[in-house]
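Participant: Can you read through this structure? Questions will come right after.
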Amino acid sequence: MSDHTEGDTLTLSRARDATLTLTAKDTQLKIAPLLGASTLSLTHKGRDYVRPAPDGADDVLQTGNFPLVPFANRIKNGHFVLGTKDIQLKPNLGDHPHTLHGQGWRSRWQVAEVSASRARLVFDHKCGEWPWDYRAEVIYELRDGGVRIYLSVTNLSPCAMPAGLGFHPYFLKTPQTRLKAHVEGVWLSSDDCLPTEWHGGVYRGKDWTNGDVVDAEQLLDHCHTEFNGRFDIFEGDEAVVTVKASPDCHWLHIYVPPGEDFFCAEPVNHMPDPFNKPNSGLKCLKTGERAMIWMDMTLHG
């Protein structure tokens, strides 16, 4: 299926080396295919709804959102054993020892289709230290006042492959910012950001289910469980963004660094360090099998 025509503002050949700009009336989305298929900005009526990337951004961690594939968050020391395979992944965040977020966020993606308000990007991974071939695909569908993002992975290897998916949006934060998200528990993290024990209910005074201010004197970096697939962000009493995620995104990872003007609320379909925890949500895909999640953002105002 293709909605690309020769009359599009940005042709496929140009898009491979450029920022994609999608527009739907008063809403604009800028995407960087070569920077992990990330979001550089998302605006509606001139207002930013994710953290805008600085001009000339060259690190995906400077952007407003990026896809997580074929796993989300950390794998302890980058090591796990699956069947007869003993896998050792290299660190991919400076000297942090635990490999995180898979390969997609550190890779260049290809533009497969593009129109005024829709883009499809692909990333083909060949067997290497992650010993499986796969194809990842992300589709951005912009509408006036919102965007829906589909993320999928297809196992192209001759044997089963573990696979998980997620999104990593960054939202702007002020002293009045509130987050409301139905969750029933949280995996507490160690100092090196691995899940250690599960805690039911409210933790450190943050009642996200009933809505709470997004602030932190100490780092908040925890995976919350029994997420019902929706969260809302407010400025005081004003609704700013409503985010919905596909039904199998049962986990919401919330990251609030002290003293910063942003935070992350990440819908994912498995918990961190999934190879070392039971009932982690991580799945195995048969040869040719495909997994998919989506995230929908409604922009208020």
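The values are calculated or read from the model by the stated rules, or taken from the named source; none is laboratory data. Predicted model, so just to flag it, every value in this text is computed and none were measured. Cβ coordinates were reconstructed from backbone atoms using ideal geometry, including for glycine residues, and neighbour counts include every protein chain displayed. In case anyone asks, the SASA skips ligands and DNA or RNA and just uses the protein heavy atoms, side chains included. Shrake-Rupley method; radii C 1.70, N 1.55, O 1.52, S 1.80 Å.
Participant: Which value at 222 nm does the chain reach when only helices count, each DSSP H run of 4 or more adding -39,500 (n - 2.57), with the total divided by all residues and rounded to the nearest 500 deg cm²/dmol?
Facilitator: 0 deg cm²/dmol
Participant: Something else: Would you work out the relative contact order for the range 39-173, in percent, from Cα pairs under 8 angstrom that are 6 or more residues apart?
Facilitator: Across the range 39-173, relative contact order equals 25 percent.
Participant: How high is the relative contact order of the range 156-213, in percent, counting Cα pairs under 8 Å that sit 6 or more residues apart?
Facilitator: Averaging sequence separation for qualifying contacts and normalising by length gives 34 percent for the range 156-213.
Participant: Here's something else I'd like to know. Let me spell out the model: positive unit charges on the Cβ of Lys and Arg, negative unit charges on the Cβ of Asp and Glu, origin at the Cα centre of the chain. What dipole size does that give, in debye rounded to 20?
Facilitator: Charge dipole of the chain: 740 debye, to the nearest 20.
Participant: Now, a different point. If the cut-off is a Cα-Cα distance under 19 Å, which lysines reach K286, setting aside same-chain residues fewer than 8 apart in sequence?
Facilitator: Those lysines meeting the cut-off are K85, K126.
Participant: Please work out the average accessible area per residue across the range 145-217, using the 1.4 Å probe convention, and give it in Å².
Facilitator: Here the per-residue accessible area is 42 Å².
Participant: Within straight cross-link reach of K25, meaning Cα distance under 29 Å, which lysines are found once same-chain residues fewer than 8 apart are removed?
Facilitator: List returned: K45, K173, K180, K244.
Participant: Another question, if that's okay. Kirkwood Rh, the chain, all Cα pairs: how many Å?
Facilitator: About 19.6 Å, per the Kirkwood formula over Cα pairs.
Participant: Starting from the amide H of A216, placed 1.01 Å from N in the peptide plane, find each other amide H under 5 Å away whose residue is 5 or more places distant or on another chain.
Facilitator: Those lying under 5 Å, H to H, from A216 are G259.
Participant: How big, in percent, is the set of alpha carbon pairs in the range 154-277 lying more than 23 Å apart?
Facilitator: Above the 23 Å cut-off, the range 154-277 has 30 percent of its Cα pairs.
Participant: If you don't mind, another one. Projecting each Cα onto the charge dipole of the chain (Lys/Arg +1, Asp/Glu -1 at the beta carbon, about the Cα centre), which of V256, V111, G78 comes out farthest on the positive side?
Facilitator: Most positive-ward Cα: V111.
Participant: Further question on the same structure: In whole percent, what relative contact order does the chain give with Cα contacts below 8 Å and a gap of six or more residues?
Facilitator: Dividing the mean separation by the residue count of the chain yields 18 percent.
Participant: Taking only Cα atoms of the range 244-301, what ratio of Rg to Rh do you get with Rh as the Kirkwood inverse-distance radius? Before the final figure, lay out each step's value.
Facilitator: Numbers: Rg = 14.7 Å, Rh = 13.8 Å.
We get a ratio of 1.07 for the range 244-301.
Participant: Ok, one more. Report ³J(HN,Hα) in whole Hz for each residue of the range 42-57, in order, from the Karplus equation J = 6.51 cos²θ - 1.76 cosθ + 1.60 where θ = phi - 60°; Gly and Pro get x.
Facilitator: Residue by residue, the range 42-57 yields 9, 10, 9, 6, x, 9, 6, 10, 10, 4, x, 6, x, 4, x, 3 Hz.
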